[in-house]
Every structure is written in C-alpha cells, then in structure tokens.
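So the structure is just underneath, and the comments pick up after that.
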Amino acid sequence: MHKILFFSCLCVLGCGFAERSSPSQILPVKQVIMEGLNHPWSIDFISAEEALVSEKDGNLLRVNLATKQKTVIQNLPEDLVDSLRVRFRGDNSGLFEIRLHPDFAQNQYVYLAYAAKQGGGMTTKVIRAKLVDDALREAQTILEASPYTREYFHYGGGMCFGEDGKLYITVGERLFREIDSPPLPIAQDVRDKRGKIYRLNDDGSIPDDNPDFGSDAVPGLFAMGIRAAQGICVRPGTGEIWFSEHGTIHGDEINLLQAGANYGWPIITTGRYRSEDFEPPFIEGAEYTDPIWFWKQTVAPTGLCFYNGPDFPLWQGNLLVPGLSTGSLWRIRLEGQKIKSLEMLFADDPVRARKVAQAPDGKLYLLTDEDNGKIVRIAPDSDRVSD
C-alpha cells in the first residue's frame, strides 16, 4: 500500500542518543597531517604512507603522509566538469571517489568517479585506468549514468569493492526538488540510470548473479530508490555493504545494501520534501526497504568506514560517519545489524568533513571539505582517558 515514512516510523532510533564514555577509553585528538587541499573528496591507500586523494575542486593527487609531498596525477578525463567555473550555481560537480583495484600492486588499476560533461549537460561517470609514472593511462569507461542533464546536484559517485570482488557504485537522482520528478520518478524507473546503486565486475561487465529487475532495466542495476548516496563501504568479515544517504529536509540515513532492494525515494522518506505540494505517486506492487538508521537533525552523512585499527580498542567494529552539514563525526556501535548507540566525536571542534578512512596500518584519517582542505589523523591521546 502507499505510505509516507516520516520520523515517527523509527522514533526510538531517530530521536538520537549518545553513548556514555566507558572507563579507560582512550580519547581521540586531531593531528593535521597535510593541508592546502582543494575540497578533498576521497582517499585510498597505496601503502601506509602513500595514498591517492581526489580533490572535488582540483586534482587527483599522490600524497606522501610522512614527507608531505604532493604530486599531481596527469591525464585526467577531458570531459571532467570544471566545478570551479560553475560553483556560483551551487554545483556538486568535480572529482568524486578514487579507488584502487584490490590487486593494484599487480595491475596498477585505479577507478575514478567524476562529473562528466557532454554538450550542455552533465552526468556521473566512472573510468578505470592504469596509474603509470603518475599519469592515468589506457582509460576505459566503466559506467556512464546518462542522460546528461543540466542539474548540478546529487551525482553520488561513491565506490567500494566488496568482499566478493565486485565494484559497487552509487549514482544520485540529480534533481534538487522532488516536484520536478516525472510521473514515474527517476529513482523508481529501472530504465533510467540515475538514482541507483550498481554492481559490476572489475572490467565493467555485468555479474551473472546480479538481481533481475526485468528486461527493460539498465545493465548492472543492484538497488534502486536512491536520492543522493555518497558514502559506501564494506563491513569487514561479513560481506555486508553499508551506505549513507542524504535526505532533503532532514531524512539523512544509514542503509544496509541488499540485492534488488528499493530504498523508496521519493515515494517514501524519513524526512520532509522540499516542495510542500509534492504528492508521490502510488506504484503498484512496489516494496520499500527501510533504513537501518536516520537522524532527526540534518547531518549530510558522507564517506563512512568500519573501524578495526589498533589505536582505539573500544571502537572495534564501530561504524564511523562524517557529516557536511554541522561538521559532525559520529561513532556508531552496532550489535549485529542494529545500531545500539551513537557518540558525536569532537563536538567542541566540528569541521565539515567528506571522508573518514583507515590506512593499511590501521591509522585513521579524516578529509575536511574546505578551501584549505586537510588530511587529519584521528590519533589516540595516551595522556587522556575517560572517567
């Protein structure tokens, strides 16, 4: 039946609660490792000291976290949208996720998501290329989320490799206002590439065991009903993939990715619509998957990760989620697939953040979304423990 899912549906969770600090818990501190980055969006690690960093409003960089050296990677795609040129429009375009192939040491493959242009329009695009002598070589298109449109919003662009070796990609719906949706909303139309999550083989081909959305569905479709998902990550040892979702007026979510799932946008939402007169259509036979969590306040959650490093023993298995809106960083404790408690880290020192990621040696890093963007290490303060 037709339903609208608002705050009351998950009131106990959505109202939010904080976890009390445990005895002998080591407290975290921020250490600025590098700065002078142009709105960094993503980081992936070549080694514990070297990483690739994408700047939304800039370049793809190779950075050395020990020496502070930055090297610009050459041969970015020619169809990359110049986000600086269109920033006055409030655009979200530019470079998005950078991911190394799981066998990068052997094949040198990297995957880059970005806003691509064609004619007067833009869309989300993913390429695979070899990183050779600090340049992208032999680039090939993995995903092109046509059509190209004039909206500068909600590209998605999150990526991760699952424990199954498959590449998962988020693509946003691209509309700013839900009232502009066609009669069959974009995110609910299996023939439209926008507002979806994809599962692909590492060469861009379609896995044989992907869910079947029908003969008219776009290739590689794994889940639908997505508004603006950016962060996506693997929960180690489980095969589970979790992703963050931006709401409109509130309605920010944490979701567990399931094959063939429909996450409901814009038919249902845990927030409110931007357009008060928007009436979502009824779709016969549609079933919708609820989020694992949603916030009552606006968070704008981004690139999340599960923690399993050595610095904070009590954080083992916790989900860490940064946010853009209020500069929040959340530590979320789970039991199975249920969220049991949340703690807002650095509440006295918030910073707009795009990504939290763990290096191969277990060190934890945060990317700040600023003109003077920073790579910040979240380090243990051995001199301070909770009461």
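The values are calculated or read from the model by the stated rules, or taken from the named source; none is laboratory data. Predicted model, so just to flag it, every value in this text is computed and none were measured. We place every Cβ from the backbone using ideal geometry, glycine too, and count neighbours over all the protein chains shown. All accessible areas refer to the heavy atoms of the entire protein, side chains included, with ligands and DNA or RNA removed. Shrake-Rupley method; radii C 1.70, N 1.55, O 1.52, S 1.80 Å.
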Is it the case, given these coordinates, that residue 228 is touching a residue at least 60 places away in the same chain (Cβ under 8 Å), open to solvent by less than 30 Å² (accessible area, probe 1.4 Å) and in a loop (DSSP other than H, G, I, E, B)?
yes
Scan the range 47-68 for residues that are more than 21 Å from residue 371 (Cβ to Cβ) and surrounded by fewer than 14 Cβ atoms within 10 Å (Cβ to Cβ) and jot them down.
47, 48, 66, 67
Quick check, is residue 187 assigned to a helix (DSSP H, G or I), out of contact with any Ser or Thr (no Cβ under 7 Å at 6 or more places or on another chain) and crowded, with 16+ Cβ neighbours inside 10 Å?
yes
Every residue in the range 231-250 that is under 19 Å from the mean Cα position of the chain (by Cα), in a loop (DSSP other than H, G, I, E, B) and over 23 Å from residue 93 (Cβ atoms), please.
235, 236, 239, 240, 250
Elements of type strands (runs of 3 or more DSSP E) in the range 280-363, at least 1 residues being among the small types (Gly, Ala, Ser):
338-345, 353-358
Of all residues being in contact (Cβ under 8 Å) with a residue 40 or more places away in the chain, of a type in the set (Val, Ile, Thr) and closer than 30 Å to residue 279 by Cβ in the range 132-179, which is most open to solvent (accessible area, probe 1.4 Å)? Just the residue, please.
179
Which numbered condition trips up residue 218, out of (1) within 27 Å of residue 296 (Cα to Cα); (2) assigned to a loop (DSSP other than H, G, I, E, B); (3) hydrophobic (A, V, I, L, M, F, W, C)?
(1)
Of (1) within 24 Å of residue 287 (Cα to Cα); (2) within 17 Å of the chain's Cα centre (by Cα); (3) assigned to a loop (DSSP other than H, G, I, E, B), residue 192 satisfies all except one. Which?
(2)
Check the range 234-245 and report whether any residue there is open to solvent by less than 50 Å² (accessible area, probe 1.4 Å) and among the basic types (Lys, Arg).
yes
Taking residue 218 as the residue in question, decide whether it is farther than 17 Å from residue 162 by Cβ, aliphatic (A, V, I, L, M) and either surrounded by fewer than 24 Cβ atoms within 10 Å (Cβ to Cβ) or free of Cβ contacts under 8 Å to residues at least 40 places away in the same chain (or both).
yes
Residues within the range 168-180 that are more than 19 Å from the chain's Cα centre (by Cα) and either farther than 14 Å from residue 228 by Cβ or not in a loop (DSSP other than H, G, I, E, B) (or both), tallied
3
Exactly one of (1) touching an Asp or Glu at 6+ places or on another chain (Cβ under 9 Å); (2) open to solvent by 40 Å² or more (accessible area, probe 1.4 Å); (3) at pLDDT below 95 is unmet by residue 11. Its number?
(1)
Tally up the residues in the range 43-92 that are of a type in the set (Val, Ile, Thr) and at pLDDT below 95, please.
2
It is to be established whether one or more residues within the range 321-338 are hydroxyl-bearing (Ser, Thr, Tyr), free of Cβ contacts under 8 Å to residues at least 40 places away in the same chain and buried (at least 21 other Cβ atoms within 10 Å of the Cβ).
yes
Identify all residues within the range 20-38 that are of a type outside the set (S, T, N, Q) and either exposed (fewer than 15 other Cβ atoms within 10 Å of the Cβ) or modelled with pLDDT of 95 or more (or both); write none if there are none.
20, 23, 27, 28, 29, 30, 32, 33, 34, 35, 36, 37
I need the full set of residues from the range 256-268 which are crowded, with 24+ Cβ neighbours inside 10 Å and either at pLDDT below 95 or assigned to a strand (DSSP E or B) (or both), in order please.
none
State all residues of the range 345-358 that are farther than 17 Å from residue 377 by Cβ and either over 19 Å from the mean Cα position of the chain (by Cα) or of a type in the set (Phe, Trp, Tyr) (or both); if no residue qualifies, say none.
347, 348, 350
Of the residues 340, 374, which single one is closer than 28 Å to residue 249 by Cβ and out of contact with any Gly (no Cβ under 7 Å at 6 or more places or on another chain)?
340
